[in-house]
1. Identify, by number, the condition in (1) surrounded by 19 or more Cβ atoms within 10 Å (Cβ to Cβ); (2) more than 20 Å from residue 13 (Cα to Cα) that residue 206 doesn't meet.
2. Out of all the residues in the range 174-199, which are within 20 Å of residue 9 (Cβ to Cβ) and surrounded by fewer than 21 Cβ atoms within 10 Å (Cβ to Cβ)?
3. Might you check whether a residue that is closer than 23 Å to residue 3 by Cβ and touching a helix residue (DSSP H, G or I) at 6+ places or on another chain (Cβ under 8 Å) occurs anywhere in the range 80-89?
4. Is there a residue in the range 141-153 that is in contact (Cβ under 8 Å) with a residue 24 or more places away in the chain and either within 24 Å of residue 46 (Cβ to Cβ) or not in a helix (DSSP H, G or I) (or both)?
5. Name every residue in the range 113-138 that is surrounded by 17 or more Cβ atoms within 10 Å (Cβ to Cβ) and in contact (Cβ under 8 Å) with a residue 60 or more places away in the chain, in order of residue number.
6. Determine the pairs where a residue that is over 14 Å from residue 91 (Cα atoms), located within the range 44-58, has a partner that is modelled with pLDDT under 95 with Cβ atoms under 7 Å apart, the partner being 6 or more residues away or on another chain.
7. Quickly run through the range 237-259 and pick out the residues that are touching a residue at least 60 places away in the same chain (Cβ under 8 Å), outside any loop (DSSP other than H, G, I, E, B) and surrounded by 16 or more Cβ atoms within 10 Å (Cβ to Cβ).
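The values are calculated or read from the model by the stated rules, or taken from the named source; none is laboratory data. Note that this is a predicted model, so its numbers are computed, not measured. Because the Cβ atoms are built from the backbone with ideal geometry, glycine has one as well, and the counts that use them run over all protein chains shown.
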């Protein structure tokens, strides 16, 4: 999941200042971790310590109240309710990468991705976005080819992955739904040549840049197995120590080596 967090941090400065290019600074003085990272770590904590998803998401969100949550999630976060609110926003997909890294069968990944999503995002599209992302991470981690990943996501979730980034980019606008950002993030991964290239291509699409890069980054880490050392170093420096501690615990438990 470190690749997802790095994608979030790199994309954080481009969410409202889209670049529509792969030529940009990976890190700037304004680079920060956002809600994508906070909630990704919350999911990892749930997996590691068998915690309740809804309770833990609330605890993490309230610990980092200025991380940039969407309006509906923020309303839920500071309410007294633990009930889901039928969301199909991309929050379910941005936080799910730990599920794809943690389990040893695709069946378990799909089941747990649904569980992690439906505590807030219980709309069918919200669940689908989480499952598609987690499945892509799992398949990439298990050395499936890009064509096999593309075929599985297309056949099982109905996402259109045929459009190239060059076709998507000119007309793409901010879209925080699963159906409007997960396919684009997967496509960025499919066209990439390595981890950094996946992040650059994801951000070049525009729109919800940190989340698209977060989703693509998790898949890319699983597939390429390597993240450039400078990205690892800067991400560790920028992530809150208490979040980094959970990431390191998770990597140890899941047998993930950062290199």
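1. Result: residue 206 passes all but (2).
2. Once the filter is applied, which keeps residues that are within 20 Å of residue 9 (Cβ to Cβ) and surrounded by fewer than 21 Cβ atoms within 10 Å (Cβ to Cβ), the range 174-199 yields 174, 176, 194, 197.
3. There is at least one residue in the range 80-89 that is closer than 23 Å to residue 3 by Cβ and touching a helix residue (DSSP H, G or I) at 6+ places or on another chain (Cβ under 8 Å).
4. The answer is yes, given that some residue of the range 141-153 is in contact (Cβ under 8 Å) with a residue 24 or more places away in the chain and either within 24 Å of residue 46 (Cβ to Cβ) or not in a helix (DSSP H, G or I) (or both).
5. Residues satisfying the conditions are 116, 119, 120, 133, 136, 137, 138.
6. Short answer, once both residue conditions are applied: 44/1; 48/253.
7. Listed by number, the residues that qualify are 238, 243, 246, 247, 250, 251, 254.
For (1) farther than 21 Å from residue 252 by Cα; (2) buried (at least 20 other Cβ atoms within 10 Å of the Cβ); (3) at pLDDT 95 or above, each residue gets a yes or a no:
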{"site": "3", "(1), (2), (3)": "no, yes, yes"}
{"site": "35", "(1), (2), (3)": "yes, yes, yes"}
{"site": "63", "(1), (2), (3)": "yes, no, yes"}
{"site": "76", "(1), (2), (3)": "yes, yes, yes"}
{"site": "108", "(1), (2), (3)": "no, no, yes"}
